[in-house]
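Engineer: Handing you a structure now.
The values are calculated or read from the model by the stated rules, or taken from the named source; none is laboratory data. All values derive from a computational prediction rather than experimental measurement. In this analysis, Cβ positions are derived from the backbone assuming ideal geometry, glycine residues included, and neighbour counts consider all displayed protein chains. Quick note on the areas: whole protein, heavy atoms, side chains included, nothing else; ligands and nucleic acids left out. Shrake-Rupley method; radii C 1.70, N 1.55, O 1.52, S 1.80 Å.
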Amino acid sequence: MERINFSLLRNKAEKEIKRATDLEELNVIFKKYLGKKGIITQILSSLKNLPKEKRSKIGRQANLLKSIIEKEKEKREIAIKKQIEQESEKDESIDVTLPAKRPETGHLHPLTLVRRKVEKIFESMGFCVVQGPHIETEWYNFDALNIPKDHPARDLWDTFWLDQKRNKEKLLLRTHTSPVQVRYMEKHNPPFRIIVPGRVFRHEASDASHDIQFYQVEGLMIDTDISVTNFKGIIDQFLRKFFNRKIKTRLRPGYFPFVEPGFEIDVQCFICQGKGCSTCSQTGWVELCPGGMVHPNVLKAGGLNPKNWQGFAFGMGLDRLAMMTYKIGDIRLFYNGDLRFLKQF
Ligand code: DAH
């Protein structure tokens, strides 16, 4: 075996250990000297081939260097760990002088904004805002509204029927807000004026102007001496306040089983000022609000005597109002939760 310069080896090892910047590097260096095939390990295992006097001398020196390297490695390991700790503390420390991050706040959905505006206007005209259930009985959704079973008029409302127990009344997701008319009549004495904003459901294919859910605002005014004039007057007043300008409307006949006579109120198209464009299908008018004088059978279903009471009802599409307000071309945008759309309001 050639002569081994232990002091040179020691200097070299110490220098390398001190220079190690992380634990991985330190381990590599340690193994270089004391691993299975490390320099010192090899010296120690070759001792047996040496003559006796050399064996003990070199053995002592090798063992001394081994323990020095082990100690140096331990020291360096502690130092590296401490440094890592200090660095992570530095990362976590709070700089109180830093300006705060602005928390992201949400805001109201466009349909909620429009609903609130509608409620405010009707409240200013003496209407109360009331609610009804989304799950309805067949009676309130159809029969009580003068739509007999098996009558073709029922097909106007594609219905989501719910699973039910045998012999129990059939349940459905309400297809319109009109059932709340009868629910309210049952529990309150006229005269009254209510609006019923709420979600309704239809079992039909969706497209840019239809979705399986949307919002309606039902209106009902019952008193002793109410006529079509009141109906048109209230709607005109509402539209003027809602769109904040004079709006031209027209009344034309429409069929709904729960009103007689029944009407459609159309507004003159704002886009083309009545000249005809794609929004109004070249007619100059946009259908906005069906309604009419409450049918005597509906008053009876609600427990009111048609000889004493009369009134009007209507059912406006809230989504349609919102689409006109914000010039939105597709109703489905309201319901698909796309933030790129919602953040614009
Ligand atoms: N409920 C009707 C629908 O969903 C809309 C409607 C028409 C409501 C006439 C009324 C009304 O109150 O009088 O298609």
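Engineer: Filter segment 241-253 down to residues that are under 37 Å from the mean Cα position of the chain (by Cα) and buried (at least 16 other Cβ atoms within 10 Å of the Cβ) and give me whichever is nearest to the ligand (Cβ to nearest atom).
Structural biologist: Thr249
Engineer: Look through Lys66, Lys48 and report the one residue that is surrounded by fewer than 12 Cβ atoms within 10 Å (Cβ to Cβ), outside the structural domain of Asn336 (by TED's automatic domain parsing) and assigned to a helix (DSSP H, G or I).
Structural biologist: From the options Lys66, Lys48, the qualifying one is Lys48.
Engineer: Among the residues of segment 258-273 satisfying the criterion of being surrounded by 16 or more Cβ atoms within 10 Å (Cβ to Cβ) and either of a type in the set (Phe, Trp, Tyr) or on the phi > 0 side of the Ramachandran plot (or both), which is modelled with the lowest pLDDT?
Structural biologist: It comes out as Phe270.
Engineer: Please tell me if Lys232 is closer than 23 Å to Pro191 by Cα and in the same structural domain as Lys120 (by TED's automatic domain parsing).
Structural biologist: yes
Engineer: Another question, then. Enumerate the pairs (first residue in segment 20-39 and within 14 Å of Lys75 (Cα to Cα); second residue anywhere and modelled with pLDDT of 95 or more and open to solvent by 60 Å² or more (accessible area, probe 1.4 Å)) with beta-carbon separation below 6 Å, excluding pairs fewer than 6 apart on the same chain, so at least 6 apart or on different chains.
Structural biologist: Once the first residue is within 14 Å of Lys75 (Cα to Cα) and sits in segment 20-39, no partner that is modelled with pLDDT of 95 or more and open to solvent by 60 Å² or more (accessible area, probe 1.4 Å) comes close enough.
Engineer: Kindly list, by first and then second residue, each pair from a residue in segment 288-304 that is within 27 Å of Met323 (Cα to Cα) to a residue that is modelled with pLDDT under 95 and more than 14 Å from the ligand (Cβ to nearest atom), limited to pairs with Cβ atoms under 6 Å and residues at least 6 apart or on different chains.
Structural biologist: As it stands, the answer is Leu288/Val267, since those pairs meet every condition given.
Engineer: Ile194 fails exactly one of the following numbered conditions: (1) buried (at least 20 other Cβ atoms within 10 Å of the Cβ); (2) in contact with a Pro (Cβ under 8 Å, 6 or more places away or on another chain); (3) outside any loop (DSSP other than H, G, I, E, B). What is the number of that condition?
Structural biologist: Going through the list (1) buried (at least 20 other Cβ atoms within 10 Å of the Cβ); (2) in contact with a Pro (Cβ under 8 Å, 6 or more places away or on another chain); (3) outside any loop (DSSP other than H, G, I, E, B), Ile194 breaks only (2).
Engineer: Any residue at all in segment 75-89 that's out of contact with any helix residue (DSSP H, G or I) (no Cβ under 7 Å at 6 or more places or on another chain) and either surrounded by 16 or more Cβ atoms within 10 Å (Cβ to Cβ) or part of a loop (DSSP other than H, G, I, E, B) (or both)?
Structural biologist: No, segment 75-89 contains no residue that is out of contact with any helix residue (DSSP H, G or I) (no Cβ under 7 Å at 6 or more places or on another chain) and either surrounded by 16 or more Cβ atoms within 10 Å (Cβ to Cβ) or part of a loop (DSSP other than H, G, I, E, B) (or both).
Engineer: Out of the residues in segment 220-240 that are open to solvent by less than 20 Å² (accessible area, probe 1.4 Å) and more than 34 Å from the chain's Cα centre (by Cα), which is nearest to the ligand (Cβ to nearest atom)?
Structural biologist: Among them, the one singled out is Phe231.
Engineer: Against the definition (among the aliphatic types (A, V, I, L, M) and more than 12 Å from the ligand (Cβ to nearest atom)), how does Leu173 come out, yes or no?
Structural biologist: Yes.
Engineer: Here are some residues: Val180, Val200, Val217. Which one is modelled with pLDDT of 95 or more, surrounded by 17 or more Cβ atoms within 10 Å (Cβ to Cβ) and in a helix (DSSP H, G or I)?
Structural biologist: Answer to the check: Val180.
Engineer: Give me the pairs, please: first residue somewhere in segment 154-173 and part of a loop (DSSP other than H, G, I, E, B), second residue anywhere and among the aromatic types (Phe, Trp, Tyr) and open to solvent by 90 Å² or more (accessible area, probe 1.4 Å), beta-carbon distance under 7 Å, and either six or more positions apart or on two chains.
Structural biologist: Listed pairs, sorted by first residue: Glu169/Trp139; Lys170/Trp161.
Engineer: Can you name the condition, by its number, that Thr279 falls short on among (1) among the polar types (S, T, N, Q); (2) surrounded by 15 or more Cβ atoms within 10 Å (Cβ to Cβ); (3) more than 37 Å from the chain's Cα centre (by Cα)?
Structural biologist: If we test Thr279 against (1) among the polar types (S, T, N, Q); (2) surrounded by 15 or more Cβ atoms within 10 Å (Cβ to Cβ); (3) more than 37 Å from the chain's Cα centre (by Cα), just (3) comes out false.
Engineer: Output the residue which, of all residues in segment 176-215 that are among the aromatic types (Phe, Trp, Tyr) and within 13 Å of the ligand (Cβ to nearest atom), is nearest to Ile226 (Cα to Cα).
Structural biologist: Tyr184
Engineer: Restricting to segment 265-287, name every residue that is without any contact (Cβ under 8 Å) to a residue 24 or more places away in the chain and closer than 26 Å to Ala313 by Cβ.
Structural biologist: Once the filter is applied, which keeps residues that are without any contact (Cβ under 8 Å) to a residue 24 or more places away in the chain and closer than 26 Å to Ala313 by Cβ, segment 265-287 yields Asp266, Gln268, Cys269, Cys280, Thr283, Glu287.
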